[in-house]
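The values are calculated or read from the model by the stated rules, or taken from the named source; none is laboratory data. This one's a predicted model, so the numbers in the text were calculated from it and none came from an experiment. Counting neighbours? That spans all protein chains shown, and the Cβs are built from the backbone with ideal geometry, glycine included.
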Amino acid sequence: MSSPRVLITGARGFLASPLEALWRGKARLFLARRTPGPGIIPTDLSDPSAARALVRAARPDLVFHFAGLTKPVGLDELWRCHVTATQSLLSALASEGRPVRVISVGSAAEYGAAGGLRRPAEDAEAEPLSDYGTSKLAQGLCALSFSRGPVEVIVGRIFNVLGPGTPENLAPGAFARQISLIEAGRQEPEMLVGDLSPRRDYLDRRDAAAALTALARRGRPGLAYNIGEGRSAPMRAILDGLLKASTARVRVVVDPSRLRPIQVRDLAADVSRLRRDTGWRPRVPLARSLADTLAWWRERTGA
């Protein structure tokens, strides 16, 4: 049997990279993102003609759709990169008339306040609290609307992710970067922090990639699936885990100017649907994930 043709959009990104590693050698990979690079098909998916050209070139059996933005750039741009791009991609796939399974990557930000629930299931009330969450919710609904005929669509809503490669716009990455600078003697041994009490569901990005792969193989088309550890941890535990993995003595100081109103105090994923349908379980312990996050930042700061 020939290897499947797998298209990964948003390739080489923080979430997409470990999934690419999982499939390398097991499939014929086609990697796409907006900016060019080695082995990349540069594509602006919000352009329908570019999306059609990509689909004709790749002729995929399976698509992992990561392409999008996490930066606070405003709803118009987020909508273009999430909703318009998804519509262009799925329209191009549908027009080919070939069987294809699409895993569209969603976010816990779609739930937002979640009607006050602390462990929302996939059918929970969606109350996004940001433009990002709004655009990702609309993206998922758009993607699922194409799940008919030869096109099979599944949405994987990923909760908070960490591990090697965590960028500094995410709290674990910001913490790890500062600790690595302190270890290297490039920052005073003091960290100013805000409120560390909010609880979030953290999952290693390698486990997230394995969950998306499990959905590609055993997920049910037309459904959304939560992807997370299934339990929450306070931000303080994330920082303490990074400090435990560090060689430095760091003084943590709460800075009143960094305190912000917290709209959601505790949010974790109900992953019962994912586990029931695929058998997936996370394998990377939080302590290892945090140590690997810090090690990755050390390589970049010279610690």
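Test of understanding: among R52, R101, R56, which residue is basic (K, R) and out of contact with any helix residue (DSSP H, G or I) (no Cβ under 7 Å at 6 or more places or on another chain)?
Values: R52 fails: out of contact with any helix residue (DSSP H, G or I) (no Cβ under 7 Å at 6 or more places or on another chain); R101 fails: out of contact with any helix residue (DSSP H, G or I) (no Cβ under 7 Å at 6 or more places or on another chain).
Result of the check over R52, R101, R56: R56.
Provide a single number: the residues in the range 187-200 that are part of a loop (DSSP other than H, G, I, E, B) and either within 17 Å of R283 (Cβ to Cβ) or not hydroxyl-bearing (S, T, Y) (or both).
7
Evaluate the range 236-246: report whether one residue or more is in contact (Cβ under 8 Å) with a residue 24 or more places away in the chain, among the hydroxyl-bearing types (S, T, Y), crowded, with 22+ Cβ neighbours inside 10 Å and over 30 Å from V100 (Cβ atoms).
No, that holds for no residue.
I'd like to check something: does the range 150-170 contain any residue that is closer than 21 Å to P72 by Cα, among the charged types (D, E, K, R) and in contact with a Gly (Cβ under 7 Å, 6 or more places away or on another chain)?
Pass one, the range 150-170, residues closer than 21 Å to P72 by Cα: 157-162, 165-170.
If we keep only those that are among the charged types (D, E, K, R) too, we end up with 157, 168.
Next, from what is left, pick out any that are in contact with a Gly (Cβ under 7 Å, 6 or more places away or on another chain): 157.
Yes - at least one qualifying residue is present in the range 150-170.
Quick one: how many residues across the range 1-19 are over 12 Å from G165 (Cβ atoms) and either buried (at least 23 other Cβ atoms within 10 Å of the Cβ) or touching a residue at least 12 places away in the same chain (Cβ under 8 Å) (or both)?
10
If I ask for residues that are of a type in the set (A, V, I, L, M), closer than 26 Å to R33 by Cβ and touching a residue at least 40 places away in the same chain (Cβ under 8 Å), which ones from the range 85-142 would you list?
A85, L89, L90, A92, L93, A94, V100, V102, I103, V105, A108, A138, listed by residue number.
Do we have any residue at all in the range 156-168 that's at negative phi and surrounded by fewer than 20 Cβ atoms within 10 Å (Cβ to Cβ)? Give the steps one after another, and end with the answer.
Here is the first cut: in the range 156-168, the ones at negative phi are 156-162, 164, 166-168.
Checking the rest, the ones that are also surrounded by fewer than 20 Cβ atoms within 10 Å (Cβ to Cβ) come to 167-168.
So far as the range 156-168 goes, yes, one or more of its residues are at negative phi and surrounded by fewer than 20 Cβ atoms within 10 Å (Cβ to Cβ).
Tell me whether the range 22-30 contains one or more residues that are over 14 Å from A85 (Cβ atoms), surrounded by fewer than 15 Cβ atoms within 10 Å (Cβ to Cβ), small (G, A, S) and without any contact (Cβ under 8 Å) to a residue 40 or more places away in the chain.
yes
So, L274, is that one farther than 20 Å from V161 by Cα and crowded, with 16+ Cβ neighbours inside 10 Å or not?
no
Within the range 129-161, which residues are among the acidic types (D, E) and not in a helix (DSSP H, G or I)? Talk me through it step by step, then tell me what you get.
If we filter the range 129-161 for residues that are among the acidic types (D, E), which is where we start, we get 131, 152.
Within the range 129-161, E152 is the sole residue that qualifies.
Could you look through the range 1-34, keep only residues that are of a type in the set (S, T, N, Q) and modelled with pLDDT of 95 or more, and pick out the one that is farthest from the chain's Cα centre (by Cα)?
Top of the filtered list is T9.
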